Amino acid sequence: MGKIKSSKIFIMKKIKFFRAALFLFAAISLISCTGDNEPLDPAIDLNDNGDNAAVFKADFDGQTFTANTTQAIVNDDYISINGRKSSGEFFQITIPNAAVGTYTWDDFDTTGGFALAYSGGSGSIPYLGARDDVGTFADFANYTDTAEITITSIDIQNHKISGTFHFTGVRFADGSVTTVTTKTFTNGSFTNLPYTGDTTAPTGNVFTAKLDGATYTPTNITGMKMSGMISLVGRRGNIENIGLSMPDNAVAGAVYPFTAFSSDARGQYIDSASGIYGGDGTMTIISHDVANKRIKGTFSFTASTVLPPTTTHAITEGTFDVTYL
């Protein structure tokens, strides 16, 4: 019985990790690009040493990470902050609220859009801030949640945001779903970061589908090339989105059958309540202009919850024609 129980726990943890990875993919994809297809505001000069300089930094591994470029979005529903170095390293912060205050996991449920993440760059497994009482990383004795984000000011006249953060990042060790590694991030701060409001889909980008037979029309369409994959997201409102991922060397005529656990292509649906649904379906590439970073294709899949009780959604007649970053 002990062996059967251990095997069941192993499988459940793998499923939970899949859900966490899906959520991270969706979160970073949809909030690390603005609607006008500019990932980072080129007007932000982080080398300005004046009193109003925009600064994003954090300490870990005996060094200080200082971002070369930043992006911040503040609207009625959420705050999104990204600090990135030219090496590809970046931090992503998301809060499903837009007010001055201090936030921890206790303020939100496990899938409510509260997120802290650090990525070492292309191909690296990100470190995530996560709950230690419930969820994917709750059963690991060597992980203790320390996540805290404080928004100290939102200057609505000058469109600038400031605050602090710290967290202990956790991830599964390479090739494992039973062992985790951690990294401690301290003295995190962002000061005078210019922010914009969320914008509508950029002109020329197309992402359409039917969701359970009804027309699904995104309010924001984004595309990003990262870690050997192209990720496309058609978001409707604050949270709900349909996401796709395919190899960055995809060619016209390529057909990708995929399941919820496929590594070369993926489809997912996240509903307005942040329920995450993995997809089993097919994606076809019609054209891929690598030079101009434009990809076009069709897709359909059945999106199902990975954990019981099982709920499904039919994503049909999907099309995309998107310029990615």
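The values are calculated or read from the model by the stated rules, or taken from the named source; none is laboratory data. Predicted model, so just to flag it, every value in this text is computed and none were measured. Positions of Cβ are backbone-derived with ideal geometry, glycine not excepted, and every protein chain shown enters the neighbour counts. Heads up: the accessible areas ignore ligands, DNA and RNA and are worked out on the full protein's heavy atoms, side chains in. Shrake-Rupley method; radii C 1.70, N 1.55, O 1.52, S 1.80 Å.
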In the set LYS225, LYS210, the lone residue that is within 26 Å of GLU89 (Cα to Cα), among the charged types (D, E, K, R) and at pLDDT 80 or above is LYS225
Please find, within the stretch 174-207, the residue that is farthest from the chain's Cα centre (by Cα) out of those that are assigned to a loop (DSSP other than H, G, I, E, B) and at pLDDT 85 or above. THR179
Pairs, please: C-beta under 7 Å, at least 6 apart or cross-chain, first residue of a type in the set (Val, Ile, Thr) and in the stretch 258-269, second open to solvent by 10 Å² or more (accessible area, probe 1.4 Å)? THR259/ASP280
Residues in the stretch 299-318 that are polar (S, T, N, Q) and loosely packed, with under 15 Cβ neighbours inside 10 Å total 3
Out of the stretch 224-253, which residues are crowded, with 17+ Cβ neighbours inside 10 Å and aliphatic (A, V, I, L, M)? MET224, MET226, MET229, ILE230, LEU232, VAL233, ILE239, ILE242, LEU244, MET246, ALA250
Taking the stretch 62-100, which residues are under 19 Å from HIS159 (Cβ atoms), part of a strand (DSSP E or B) and not hydroxyl-bearing (Ser, Thr, Tyr)? GLN71, ALA72, ILE73, VAL74, ILE79, ILE81, ASN82, GLY83, ILE93, ILE95
Where residues in the stretch 41-63 are open to solvent by less than 80 Å² (accessible area, probe 1.4 Å) and over 12 Å from LEU193 (Cα atoms), which of them is modelled with the lowest pLDDT? ASP48
Can you run down the residue pairs with Cβ atoms below 6 Å, 6 or more apart or on separate chains, where the first is in the stretch 76-93 and at negative phi and the partner is assigned to a strand (DSSP E or B) and among the basic types (Lys, Arg)? PHE90/ARG84
